[in-house]
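**Q** Just passing along the structure, written as C-alpha cells.
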Amino acid sequence: MSREEILRRIRAATADITSPPDIPRRYQPAGSPAGRTDDGLADRFAERAGDYRATVRRCRAADAAQVIADAVTARAARRIGVPQGFPAEWSALLPDPVPDEPPLDVAALDSLDGVVTTCAVAIAETGTIVLDTGPGQGSRAFTLVPDYHVAVVRTGQIVAAVPDAVAALDPARPLTWISGPSATSDIELIRVEGVHGPRTLDIVIVAD
Amino acid sequence: MTFLGMPGAPRGVGQLRQREPFPEAAAGALGDRQLRRNLGHATSTIRAKRAAAVAEVADWEDLRAAGAAIKDEVLAHLDRYLVQLEDQVAARGGTVHWACDANQANQIVTDLVRATGQAEVVKVKSMATQEIGLNESLSAAGITATETDLAELIVQLGHDTPSHILVPAIHRNRSQIRDIFLREMPDAPPGLTDEPAELAAAARAHLRRKFLAAQVAISGANFAIAETGTLAVVESEGNGRMCLTLPRTLITVMGIEKILPAWRDLEVFLQLLPRSSTAERMNPYTSMWTGAAEGQDFHLVLLDNGRTATLADPAGRAALRCIRCSACLNVCPVYERAGGHAYGSVYPGPIGAVLSPQLTGVADNPDLPFASTLCGACYDVCPVAIDIPAMLVHLRSRVVDDKRARHHGPTPEAATMKGLAWTMSDARRWAWALRASRAGRLLGRRRGRIRNLPGPLAAWTVSRDLPRPPAQTFRDWWRTRPLASQRDAATSGLRSEERATREDGAVKGEWGGGWGPGGERGK
C-alpha cells in the first residue's frame with residue numbers, strides 16, 4: 001500500500017526530469033599513481049594512523065611474533081583473544097592467548113584484556129584499516145567489546161586512497177572501517193579518545 | 001505553488017516545525033551569553049579544522065561535482081533505485097517496510113519492537129528518527145529508548161532537544177554537562193569533574209551494561225547502496241558499532257533520499273562526508289552491512305515524510321542531496337549567533353532553513369527561509385554543492401505566494417507596500433512623509449535607537465532596531481545652503497558621474513535623476 005503510494009508520488013514528482021545528469025568523475029580514481037611503491041605507502045599509512053593516536057610498530061616478517069608480543073606486554077595485557085585463521089607464527093609468543101574457537105560470547109569477550117587480528121585492507125591516505133570478518137579477523141563483536149585491539153597489517157595490503165579500498169572490498173561481507181581508537185568531540189569539540197569501542201589501538205605493519 | 005497529491009510531513013508528530021516565530025526564538029538565544037560563547041567557540045573551532053581537512057585534498061572540487069551529480073541521478077530515478085534496494089536487502093534476508101509519513105514509520109517500528117517482546121531498545125544517533133519523534137512514540141507504547149551517542153545522551157538526560165546535526169549538545173559546556181550527569185545518571189561517580197575525558201568515561205560506564213544486554217537496536221543510515229543492498233553508518237564513538245552488531249534485532253529507519261546507485265559511489269562520499277563533517281581524513285568507525293548480517297534479524301524502514309513533496313519542486317529538490325554533514329551550520333553567521341533551537345526543527349542552520357519548510361510545506365515554517373543573510377558561505381562549503389542561497393530566495397517567494405493564496409484581501413505587507421508606492425510616486429507627498437517621520441523622534445530618546453514601534457508598525461521592530469530619525473531631513477538641510485554651493489555640488493557630482501560612465505560603460509541610472517523619487521532637486 002504505502003510502497004505503491006510512495007512510488008506513485010516519486011514518479012509524479014520527477015515527471016519533469018527528462019535528461020538525467022552525467023556524472024563527472026574527474027576525481028582521482030582507484031589505481032591513481034600517487035605513492036604507489038609499497039615503501040611509500042607503508043610510510044604514509046604509518047604516519048596517518050599515528051596521527052589518530054594509534055600506536056604503530058613496523059617489523060620484518062621474521063620478527064612479527066616478537067613485536068606483537070612486545071606490544072601486548074607494553075600495555076600490561078595478558079589474556080588476548082586470537083581469532084580463527086590468525087597466523088600461528090604471529091601469535092606464538094603471546095603471554096596468554098585465548099582462542100576464539102568456538103566463538104566467544106559477549107561476556108567472554110568482555111573479560112579479555114584485548115584481541116589481535118589481521119585486516120582485509122589498509123588505506124595509506126587516511127590511516128584506516130578495514131576488517132571484513134575474514135580469516136584472522138573474528139566477528140564484528142570480537143574487535144568491539146574488548147578494550148584493546150592489536151591489528152596486524154601486511155605491507156601488501158596497504159592501498160593508496162579511499163577509491164582503492166572500495167574497489168578491493170566485497171560489499172557482501174560485513175565491513176568495519178577503523179581509523180584510530182574510538183573518539184568523541186561531543187564536549188566542547190575537544191577530542192577524547194576511547195568511548196565505547198576499544199580505547200587503545202596498536203597497529204603492527206609487517207613487511208611482506 | 002502547491003503540489004497536489006504530495007502531502008508533507010504531518011502535524012502533531014515529530015520535530016520539524018517552528019514553535020514560535022524565528023525572531024522571537026532567536027532573541028532568547030541572543031540574550032544568553034553562555035550559549036553564545038559555547039556556540040562561538042565550537043563553530044569557529046570546527047570551521048578552521050574543516051578548511052584544513054578540505055585543503056589537503058587536491059581533487060576536492062571534482063569530488064564535490066561528482067557527489068552532486070550522483071545525488072541528482074538518485075533523485076531523477078528514485079523509484080527505480082528504491083525498488084532495487086528493496087530487492088537486494090530482501091535477497092540477503094532483510095525485510096523492507098515503507099512509511100509514507102512519521103505516523104506510519106512510528107507504528108511500524110513500535111510493532112516490530114513489540115514483536116520481539118522487549119521493552120527497551122538502544123539507539124544510534126539518527127536524524128530521521130528525531131524528525132519523526134520516534135522516542136516519544138515508543139515511550140507512549142511503553143518502550144524505553146536509550147540514546148547512546150554521547151551528545152544525544154547529554155540531550156536526553158538534560159530533557160533537552162538537539163541544537164546541531166553533528167554535535168547535538170553544542171549549546172552545553174563541560175560544567176553544564178557534568179551537572180546533568182550528576183543529576184540524572186544514577187551510576188555517575190560522585191567526584192566527577194568537568195574534564196571531557198572523565199565525562200566520556202562516565203558515559204562509557206553508564207552505557208556499557210545496556211549495550212551488552214541489548215536485544216533490539218534502532219539506527220539511521222548515512223548511505224544505502226541500491227546495487228548491493230549495503231547500508232552504511234558513519235560514526236566516531238563506537239556506540240554505532242555496539243548497536244549495529246550486538247543486538248539480535250536491528251531496525252534501521254532511513255529517508256528515501258539516502259540512496260547511492262552503486263557500491264563504487266562510496267569512493268566519493270566516504271571522502272566528502274568525514275572531511276566536511278568532523279574535519280577528519282576519516283571518521284573513527286564506519287560500519288557496512290548487507291541484509292541480515294551475522295544472523296541478525298534486520299528490518300529497513302524507508303521513510304517519505306515530505307520528501308516526495310520536496311522532490312516535486314524543481315527549484316527545491318536539490319535539498320535532498322544533503323548528506324547531513326553540518327558544514328553549513330558552522331559557517332553560517334545566523335546559526336553561530338542564534339543556535340540550533342531557534343529553528344524549531346531537528347534540521348537547523350542553512351540546510352534546515354531550506355529543508356524543513358519543504359518537508360512540512362512552507363505554511364508551517366514560514367520564517368525559516370528568511371532566517372538568513374544570503375551571504376553564500378553555506379553554498380561554498382556544501383560537499384554536494386546545494387545552492388542554498390538561491391533556494392532560500394525561491395522559498396521566500398513560495399511563502400509570499402502561499403500567504404497571498406490563503407489571505408482574502410491584501411496582507412498587511414502588501415497594503416504597506418501599496419501605501420508606500422502611493423507616497424513615493426509624488427514629490428510633495430514624499431517630502432511631507434519625510435518631514436512627518438520626524439515625529440519618530442519622540443521615540444528612542446534614551447538609546448538613540450527605536451526598539452519598539454507602536455501599533456501595526458511594531459512588526460518592523462520585532463527583529464531589528466530602527467535608528468532615531470534626525471532633527472532635520474536632508475532636503476530641509478539642502479534648502480538652507482547658499483545657492484552657489486548647491487550648484488557646485490550638483491555639477492561636480494555630474495562630472496564624476498560622466499567620468500564613471502565613460503570609463504566602465506556603466507549605465508546612467510536613477511541616481512543621475514535626483515535624490516528622491518519625483519526628480520525633485522534643490523531649487
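**Q** Return the residues of region B:339-377 that are part of a helix (DSSP H, G or I), over 20 Å from B:Arg404 (Cα atoms) and either in contact with a Pro (Cβ under 9 Å, 6 or more places away or on another chain) or charged (D, E, K, R) (or both); say none if nothing qualifies. It would help to see each step written out before you state the result.
**A** Step one: of region B:339-377, the residues part of a helix (DSSP H, G or I) are B:341-343, B:349-360, B:362-364, B:368-370, B:377.
Going one step further and asking which of them are over 20 Å from B:Arg404 (Cα atoms), we end up with B:341-343, B:349-356, B:359, B:377.
Of everything in region B:339-377, those that are part of a helix (DSSP H, G or I), over 20 Å from B:Arg404 (Cα atoms) and either in contact with a Pro (Cβ under 9 Å, 6 or more places away or on another chain) or charged (D, E, K, R) (or both) turn out to be B:His341, B:Ala342, B:Pro350, B:Ala353, B:Val354, B:Ser356, B:Ala377.
**Q** Further question: Of the residues B:Ser372, B:Ser356, which is out of contact with any Phe, Trp or Tyr (no Cβ under 7 Å at 6 or more places or on another chain), polar (S, T, N, Q) and either within 29 Å of B:Glu61 (Cα to Cα) or at pLDDT 95 or above (or both)?
**A** Working: B:Ser356 fails: out of contact with any Phe, Trp or Tyr (no Cβ under 7 Å at 6 or more places or on another chain).
Residue meeting the stated conditions: B:Ser372.
**Q** Among B:Thr501, B:Thr461, B:Thr473, which is polar (S, T, N, Q), modelled with pLDDT under 70 and not assigned by TED's automatic domain parsing to the domain that holds B:Gly28?
**A** Of B:Thr501, B:Thr461, B:Thr473, the one residue that is polar (S, T, N, Q), modelled with pLDDT under 70 and not assigned by TED's automatic domain parsing to the domain that holds B:Gly28 is B:Thr501.
**Q** Of the residues that sit in region A:121-143 and are surrounded by fewer than 22 Cβ atoms within 10 Å (Cβ to Cβ) and of a type in the set (A, V, I, L, M, F, W, C), which one is nearest to the other protein chains (Cβ to nearest Cβ)?
**A** A:Ala141
**Q** Something else now. Residues of region B:214-243 being touching a residue at least 60 places away in the same chain (Cβ under 8 Å), under 21 Å from A:Gly180 (Cα atoms) and in contact with a Phe, Trp or Tyr (Cβ under 7 Å, 6 or more places away or on another chain), which ones?
**A** The answer is B:Glu235, B:Gly240, B:Met242.
**Q** If you don't mind, another one. What is the one condition in (1) in a strand (DSSP E or B); (2) at the interface with chain A (Cβ under 9 Å from one of its Cβ atoms) that B:Glu294 does not satisfy?
**A** Exception for B:Glu294: condition (1).
Table: residues versus (1) more than 18 Å from A:Asp202 (Cβ to Cβ); (2) free of Cβ contacts under 8 Å to residues at least 40 places away in the same chain; (3) of a type outside the set (Lys, Arg).
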residue: A:Ala64; (1), (2), (3): no, no, yes
residue: A:Val72; (1), (2), (3): no, no, yes
residue: A:Ala88; (1), (2), (3): yes, yes, yes
residue: A:Ser91; (1), (2), (3): no, yes, yes
residue: A:Thr128; (1), (2), (3): no, no, yes
residue: A:Gly134; (1), (2), (3): yes, no, yes
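**Q** Sticking with this structure for a sec: Of the residues A:Pro29, A:Pro33, A:Pro24, which single one is modelled with pLDDT of 85 or more, within 38 Å of the chain's Cα centre (by Cα), exposed (fewer than 13 other Cβ atoms within 10 Å of the Cβ) and not in a helix (DSSP H, G or I)?
**A** That would be A:Pro24, the only listed residue that is modelled with pLDDT of 85 or more, within 38 Å of the chain's Cα centre (by Cα), exposed (fewer than 13 other Cβ atoms within 10 Å of the Cβ) and not in a helix (DSSP H, G or I).
**Q** Take B:Phe211 and tell me if it is touching a residue at least 60 places away in the same chain (Cβ under 8 Å), surrounded by 23 or more Cβ atoms within 10 Å (Cβ to Cβ), touching a His at 6+ places or on another chain (Cβ under 8 Å) and in the same structural domain as B:Gln104 (by TED's automatic domain parsing). Break it down into steps so the answer makes sense when it comes.
**A** Working: touching a residue at least 60 places away in the same chain (Cβ under 8 Å): yes; surrounded by 23 or more Cβ atoms within 10 Å (Cβ to Cβ): yes; touching a His at 6+ places or on another chain (Cβ under 8 Å): yes; in the same structural domain as B:Gln104 (by TED's automatic domain parsing): yes.
So B:Phe211 passes the test.
**Q** Just checking: which of the helices (runs of 4 or more DSSP H) contained wholly in region B:87-166 hold 3 or more residues that are of a type in the set (A, V, I, L, M) and free of Cβ contacts under 8 Å to residues at least 40 places away in the same chain?
**A** Once the helices (runs of 4 or more DSSP H) in region B:87-166 are filtered for at least 3 residues that are of a type in the set (A, V, I, L, M) and free of Cβ contacts under 8 Å to residues at least 40 places away in the same chain, what remains is B:150-157.
**Q** Specify the residue that is nearest to the chain's Cα centre (by Cα); the eligible residues are those in region B:338-396 that are of a type in the set (Asp, Glu) and under 30 Å from B:Leu270 (Cβ atoms).
**A** Of all residues in region B:338-396, those of a type in the set (Asp, Glu) come to B:364, B:367, B:380, B:387.
In the following step, the residues that additionally are under 30 Å from B:Leu270 (Cβ atoms) were identified as B:380, B:387.
On the way: B:Asp380: 16, B:Asp387: 14 Å.
Checked region B:338-396; the qualifying residue nearest to the chain's Cα centre (by Cα) is B:Asp387.
**Q** If only one of A:Asp164, A:Asp170 is surrounded by fewer than 24 Cβ atoms within 10 Å (Cβ to Cβ), part of a loop (DSSP other than H, G, I, E, B) and either at pLDDT below 95 or not polar (S, T, N, Q) (or both), which one is it?
**A** A:Asp170
**Q** In region B:45-62, how many residues are outside any helix (DSSP H, G or I) and either hydrophobic (A, V, I, L, M, F, W, C) or away from chain A (no Cβ under 11 Å) (or both)? Lay out the reasoning, then the answer.
**A** Of all residues in region B:45-62, those outside any helix (DSSP H, G or I) come to B:56-59.
Within this subset, residues satisfying the condition of being either hydrophobic (A, V, I, L, M, F, W, C) or away from chain A (no Cβ under 11 Å) (or both) are B:57-58.
Residues flagged as outside any helix (DSSP H, G or I) and either hydrophobic (A, V, I, L, M, F, W, C) or away from chain A (no Cβ under 11 Å) (or both) within region B:45-62 amount to 2.
**Q** Please pick out the residue among B:Ala42, B:Ala65 that is facing chain A (nearest Cβ under 9 Å), modelled with pLDDT of 95 or more and either more than 25 Å from the chain's Cα centre (by Cα) or assigned to a helix (DSSP H, G or I) (or both).
**A** B:Ala65
**Q** Could you tell me how many of the residues in region A:78-125 are aromatic (Phe, Trp, Tyr) and not in a loop (DSSP other than H, G, I, E, B)?
**A** Looking only at that region, the number is 1.
**Q** Which condition does B:Arg428 not pass, out of (1) part of a helix (DSSP H, G or I); (2) modelled with pLDDT under 85; (3) loosely packed, with under 14 Cβ neighbours inside 10 Å, if it passes all the others?
**A** Here B:Arg428 meets the rest and fails (2).
**Q** List pairs: first in region B:53-71 and under 12 Å from B:Cys382 (Cβ atoms), second of a type in the set (Ser, Thr, Tyr) and crowded, with 22+ Cβ neighbours inside 10 Å, Cβ under 8 Å, 6+ apart or cross-chain?
**A** B:Val54/B:Ser276
**Q** What are the residue pairs meeting all of these: first residue in region B:466-477, first residue assigned to a loop (DSSP other than H, G, I, E, B), second residue surrounded by fewer than 13 Cβ atoms within 10 Å (Cβ to Cβ) and not β-branched (Val, Ile, Thr), Cβ atoms under 6 Å, and 6 or more apart or on different chains?
**A** What qualifies is B:Arg468/B:Gly448; B:Pro469/B:Ser437.
**Q** Does B:Ala90 satisfy the criteria of being among the aliphatic types (A, V, I, L, M) and under 29 Å from B:Glu294 (Cβ atoms)? Lay out the reasoning, then the answer.
**A** Values: among the aliphatic types (A, V, I, L, M): yes; under 29 Å from B:Glu294 (Cβ atoms): yes.
For B:Ala90, the condition - among the aliphatic types (A, V, I, L, M) and under 29 Å from B:Glu294 (Cβ atoms) - is met.
**Q** Of all residues in region B:183-217, which are touching an Asp or Glu at 6+ places or on another chain (Cβ under 7 Å) and facing chain A (nearest Cβ under 10 Å)?
**A** Passing the criteria: B:Pro196, B:Leu212.
**Q** Also: For region A:64-72, indicate whether the set of residues that are surrounded by fewer than 23 Cβ atoms within 10 Å (Cβ to Cβ), touching a Leu at 6+ places or on another chain (Cβ under 9 Å) and in a loop (DSSP other than H, G, I, E, B) is non-empty.
**A** No: zero hits.
**Q** Just one of B:Ile259, B:Ile251 is touching a His at 6+ places or on another chain (Cβ under 6 Å), more than 7 Å from chain A (Cβ to nearest Cβ) and within 25 Å of B:Asp304 (Cα to Cα); which is it?
**A** B:Ile251
**Q** Okay, next question. Consider B:Lys71 carefully, then state whether it is among the basic types (Lys, Arg), within 14 Å of another protein chain (Cβ to nearest Cβ) and not in a loop (DSSP other than H, G, I, E, B).
**A** Judged against the criteria, B:Lys71 is a match.
The values are calculated or read from the model by the stated rules, or taken from the named source; none is laboratory data. Bear in mind that the values here come from a model prediction, so they are computed numbers and not experimental data. Ideal geometry is used to build each Cβ from the backbone, glycine not excepted, and the neighbour counts take in all protein chains shown.
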